[in-house]
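Okay, structure first, notes after.
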Amino acid sequence: MSLETGVPIVPVFLHYEAQADFAWGDDETLPQKIRHIMRTANRRANYHVFEPFHPSDFADRESYSAHARARFGEWQRRFLE
């Protein structure tokens with residue numbers, strides 16, 4: 001949609017300090033997850049806003065997507081590992 005409209009995407013990366021407490025279990029239902037989150041000792045969430053991705057910087061959807069996936073991978077390594 002960004003490529004079609006020319007509107008940039010402002011990436012926001014959100015992570016919880018107690019990341020493991022917020023991860024979904026394979027057999028966990030939404031009510032179970034909500035109860036688990038409500039009982040978690042550390043519910044603090046951090047968010048980071050980054051420079052926009054401008055669609056004019058990319059030739060096609062694949063290169064735009066690859067760029068977004070690469071940045072997301074960098075943020076995961078930086079903030080979660």
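Observations, loosely collected:
- Per-region count, the range 47-58, residues surrounded by 11 or more Cβ atoms within 10 Å (Cβ to Cβ) and either more than 12 Å from the chain's Cα centre (by Cα) or β-branched (Val, Ile, Thr) (or both): 6
- Single residue of 61, 71 found to be out of contact with any strand residue (DSSP E or B) (no Cβ under 9 Å at 6 or more places or on another chain) and either aliphatic (A, V, I, L, M) or surrounded by 11 or more Cβ atoms within 10 Å (Cβ to Cβ) (or both): 61
- Filtering the range 29-54 to residues that are more than 29 Å from residue 71 (Cβ to Cβ) and charged (D, E, K, R) leaves 35, 39.
- Residue within the range 25-44 that is aliphatic (A, V, I, L, M) and in contact with a Lys or Arg (Cβ under 9 Å, 6 or more places away or on another chain) present: yes
- Complete set of residues in the range 29-46 that are over 20 Å from the mean Cα position of the chain (by Cα), closer than 24 Å to residue 76 by Cα and surrounded by 12 or more Cβ atoms within 10 Å (Cβ to Cβ): 36, 40
- Long-range neighbours under 6 Å by Cβ, at least six apart or interchain, first residue touching a residue at least 12 places away in the same chain (Cβ under 8 Å) within the range 15-32, second of a type in the set (S, T, N, Q): 15/46; 17/42; 18/40; 18/42; 21/40
Each value in this text was obtained by applying a stated rule to the coordinates, not by laboratory testing. Fair warning: this is a prediction, and the values are worked out from it, not measured in the lab. As a convention, Cβ positions derive from the backbone with ideal geometry for all residues, glycine included, and neighbour counts pool all protein chains shown.
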